[in-house]
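Chemist: One structure follows; several queries about it will come next.
No lab work stands behind these numbers, since they all come straight from the coordinates. Only a predicted model underlies this, so the values are computations on that prediction, with no experimental measurement involved. Here Cβ is always computed from backbone atoms with ideal geometry, including for glycine, and neighbour counts include all displayed protein chains.
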């Protein structure tokens with residue numbers, strides 16, 4: 001463990017995010033993880049450096065800017081700011097934010113190119129093959145899936161142009177040897193095995209320049225070519241560390257990176273191409289590439305409509321920053337795939353954050369206020385008492401486990417260790433019964449119990465501070481800790497007896513109020529509405545079409561909505577929801593399930609046999625565990641919602657025009 005602030009800082013990076021994307025759950029997940037890892041190392045007294053930023057070159061961005069009626073750089077400026085705004089909202093403490101349009105980056109990329117070229121690993125030839133503009137990836141016919149990109153599923157372009165090539169084939173053996181010597185270079189092991197098999201299958205030389213567009217970094221001494229966007233983008237980790245000032249790194253560089261955090265969709269670029277470029281240039285390789293999994297949404301693959309229901313800005317506003325950060329770090333092991341569920345998030349808030357963490361702090365400080373007028377005193381012989389010995393051992397075991405798990409980037413298990421300390425503290429309070437001691441004494445024993453309970457909260461606050469920094473500060477403030485309390489030595493922060501002997505506590509509001517049934521039902525309705533509306537801009541309203549008259553749509557747009565007559569065959573309430581009904585409708589030749597937020601306006605038995613209008617081509621969405629295969633239309637009147645129907649004898653399945 002490094003403890004000296006003069007040594008190379010622990011250097012952790014996120015991918016640089018493509019500015020043509022809107023920040024979404026996946027971006028937030030990677031960035032919170034990197035932020036938590038950097039904060040953990042700072043907590044241990046180490047220097048740490050976290051890098052994030054945006055990828056702003058390439059054919060895809062050039063096309064998107066043109067479609068938006070903008071030049072590429074202003075377009076990139078605008079979209080890069082969206083990421084900065086979200087990171088500020090998420091309380092991300094990055095040390096550097098790099099953009100590939102910066103001069104320091106351009107200089108570094110061209111320096112790397114020259115080193116690789118001088119090593120004899122770049123040559124000019126003609127490229128003919130397939131290219132995915134969306135993924136910025138060259139593909140062979142064998143790699144295509146039904147003629148499309150296997151990663152994004154979009155059509156590919158046939159490309160034939162003069163190109164510079166990188167001798168990737170030369171590095172098959174050196175890469176395999178590096179993987180063998182450094183088994184932790186790629187994590188988790190399943191991803192390592194995947195990359196080893198890929199490289200063992202043989203490597204083809206890689207096209208590393210383009211001539212068919214201009215938005216990129218020019219090839220040194222040949223400005224007709226721009227450098228391939230992945231050669232450009234991957235270099236950011238080095239250029240942000242000072243590479244490009246001369247042919248190497250400055251003396252105070254944080255390079256090599258200790259960890260690159262990435263999604264599994266870009267693993268090959270980071271675990272094969274990037275180390276090969278560095279090997280060719282004679283530069284140190286990063287120490288680890290850690291590939292995390294993907295999120296599904298309510299059991300389904302992320303899509304535009306479902307993705308809107310987990311828009312990070314909206315989630316922060318509804319649930320709070322630290323509740324969101326806690327959930328995405330706690331719900332799944334870092335490296336595995338996971339499912340985002342609003343119901344599971346609410347359960348975590350109510351159980352882990354309100355009942356366990358929040359209740360422990362509130363009950364402890366409430367007793368300190370009631371029995372000792374808010375003051376905590378330390379009993380000198382406390383460590384020698386049997387109950388306290390057992391409690392201190394439990395907290396110490398949790399702290400040791402916490403450090404081990406966080407060091408190994410098992411962020412979920414690190415949080416579990418913190419909750420083990422919370423459970424031990426709650427058991428200790430229950431067994432010691434300070435409320436009884438307040439009546440019967442002895443007084444010194446009451447002081448001891450209250451001190452230990454408060455001291456455990458300080459340890460817990462330190463443990464959760466990398467993932468929940470705002471909550472940790474709130475706990476510290478209520479305990480009466482002043483100044484940079486996390487600046488204490490790590491061993492002291494993890495020590496039950498590191499709490500100062502005399503503190504004036506300040507009991508505040510509960511850390512995490514429970515989300516009661518009524519509030520939960522309202523959130524469910526909001527989620528259902530956002531999915532149904534297709535909230536494109538994260539504002540809670542549909543993005544307006546800009547056709548010269550904001551908010552209007554064309555006749556062709558309307559024709560894409562398939563409205564059909566349906567007859568309700570069955571209806572029932574959904575357990576644990578006061579607003580949602582599960583409705584079975586007949587569309588003539590087929591029967592569907594629709595989840596409708598009308599439970600406050602209609603009893604299930606009132607609906608049977610009613611003729612209604614449904615949106616029949618709405619993307620299915622899972623609500624409260626039930627897949628909804630459409631949407632009922634309703635009008636909002638003074639006395640509530642009224643379902644839309646049709647006049648006369650119209651058969652189920654008839655199209656509404």
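Chemist: For residue 562 and residue 644 in one chain, what is 0.36 nm times their gap in residues minus the Cα-Cα distance, to one decimal in nm?
Modeler: Numbers: separation 82, 0.36 × 82 = 29.52 nm, distance 1.49 nm.
Answer, rounded to one decimal: 28.0 nm.
Chemist: Expressed as a whole number of Å, what is the distance separating the alpha-carbon centroids of segment 21-51 and segment 385-416?
Modeler: Using only Cα atoms, the two centres lie 22 Å from each other.
Chemist: Give me the extension gain from residue 190 to residue 214: residue separation times 0.36 nm, minus the current Cα-Cα distance, reported in nm with one decimal. Walk me through the numbers before you get to the answer.
Modeler: Working: separation 24, 0.36 × 24 = 8.64 nm, distance 3.85 nm.
Residue separation times 0.36 nm, minus the Cα-Cα distance, leaves 4.8 nm.
Chemist: Turning to a different aspect of this structure: Helix-derived [θ] at 222 nm for the chain: sum -39500 (n - 2.57) over DSSP H runs of at least 4, divide by residue count, nearest 500?
Modeler: Values: 23 runs with 260 residues, N = 657.
After summing the helix terms and dividing by residue count, I get -12000 deg cm²/dmol.
Chemist: Another question, if that's okay. Set the Förster radius R0 to 60 Å, insert the Cβ-Cβ distance between residue 654 and residue 161 as r into 1/(1 + (r/R0)^6), and round the FRET efficiency to 0.05. Mind showing how you got there, number by number?
Modeler: Numbers: r = 54 Å, r/R0 = 0.90.
Efficiency, rounded to the nearest 0.05: 0.65.
Chemist: Got the relative contact order for the chain handy, in percent, Cα pairs under 8 Å and 6 or more residues apart? Display every interim value, and only then the final one.
Modeler: On the way: 1141 pairs, mean separation 76.1, N = 657.
Relative contact order comes out at 12 percent.
Chemist: Just the Cα atoms of the chain, one point each, no solvent: what log10 I(q)/I(0) does Debye give at q = 0.06, 0.08, 0.12 Å⁻¹?
Modeler: -0.43, -0.74, -1.26
Chemist: Under 12 Å from a label point 7 Å along Cα→Cβ of residue 591: give me every residue in segment 606-649 with its amide N that close.
Modeler: Correct set: none at all.
Chemist: Oh, and also: Gain in length, residue 134 to residue 173, computed as 0.36 nm per residue apart minus the alpha-carbon separation, to one decimal in nm? Let's see the in-between values first.
Modeler: On the way: separation 39, 0.36 × 39 = 14.04 nm, distance 3.06 nm.
Extra length from residue 134 to residue 173 when fully extended: 11.0 nm.
Chemist: Treat each spin label as a single point 7 Å out from the Cα along the C-beta direction, and report the residue 93 to residue 126 distance in nm.
Modeler: 5.7
Chemist: Quick one: of the DSSP bridges fully inside the chain, what percent are antiparallel, nearest 5? Working shown, then result.
Modeler: On the way: 54 of 76 bridges.
In the chain, DSSP labels about 70 percent of beta bridges as antiparallel.
Chemist: Continuing with the same structure: Would you please classify the overall shape of segment 332-486 from the alpha carbon gyration tensor, given that a ≥ b ≥ c denote the square roots of the eigenvalues, rounded means a/c under 1.5, and beyond that prolate means a/b larger than b/c while oblate covers the rest? Before the final figure, lay out the partial values.
Modeler: Values: a/c = 1.98, a/b = 1.76, b/c = 1.13.
Prolate is the answer for segment 332-486, as a/c is 1.5 or above and a/b outweighs b/c.
Chemist: Using R₀ = 56 Å, calculate the FRET efficiency as 1/(1 + (r/R₀)^6) where r is the Cβ-Cβ separation of residue 70 and residue 608; round to 0.05. Write out the running numbers ahead of the final one.
Modeler: Numbers: r = 55 Å, r/R0 = 0.98.
According to the calculation, E is roughly 0.55.
Chemist: I would also like to ask the following. Mind giving me the FRET efficiency for residue 148 and residue 484? R0 is 56 Å, r the Cβ-Cβ distance, nearest 0.05 is fine. Don't skip to the end; give the middle numbers.
Modeler: Numbers: r = 54 Å, r/R0 = 0.96.
Efficiency, from the Cβ-Cβ distance: 0.55.
Chemist: Let me ask something additional. Please compute the modelled spin-label separation between residue 8 and residue 205, points set 7 Å along Cα→Cβ, answer in nm with one decimal.
Modeler: Roughly 3.3 nm, to one decimal.
Chemist: Which of rounded, prolate or oblate describes segment 10-293 when judged by the alpha-carbon gyration tensor and an a/c cut-off of 1.5?
Modeler: Details: a/c = 1.34, a/b = 1.15, b/c = 1.17.
Since a/c stays below 1.5, the shape of segment 10-293 is classed as rounded.
Chemist: Using Cα-Cα distances under 8 Å and only pairs 6 or more residues apart, what relative contact order does segment 341-504 have, in percent?
Modeler: Values: 163 pairs, mean separation 47.7, N = 164.
Answer for segment 341-504 is 29 percent.
Chemist: Pairs of Cα atoms under 8 Å, at least six residues apart: use those to get the relative contact order of segment 553-656, whole percent. Each step should come with its number before you reach the end.
Modeler: On the way: 224 pairs, mean separation 33.2, N = 104.
That works out to 32 percent.
Chemist: In nanometres, what is the gap between the two model label sites at residue 635 and residue 431, each 7 Å from Cα along Cα-to-Cβ?
Modeler: According to this spin-label approximation, the distance is 6.7 nm.
Chemist: With a ≥ b ≥ c taken as the square roots of the eigenvalues of the C-alpha gyration tensor of segment 36-195, please select rounded if a/c is under 1.5 and otherwise prolate if a/b is larger than b/c or oblate if it is not?
Modeler: On the way: a/c = 1.59, a/b = 1.14, b/c = 1.39.
It is oblate, given that a/c is not under 1.5 and a/b is not larger than b/c.
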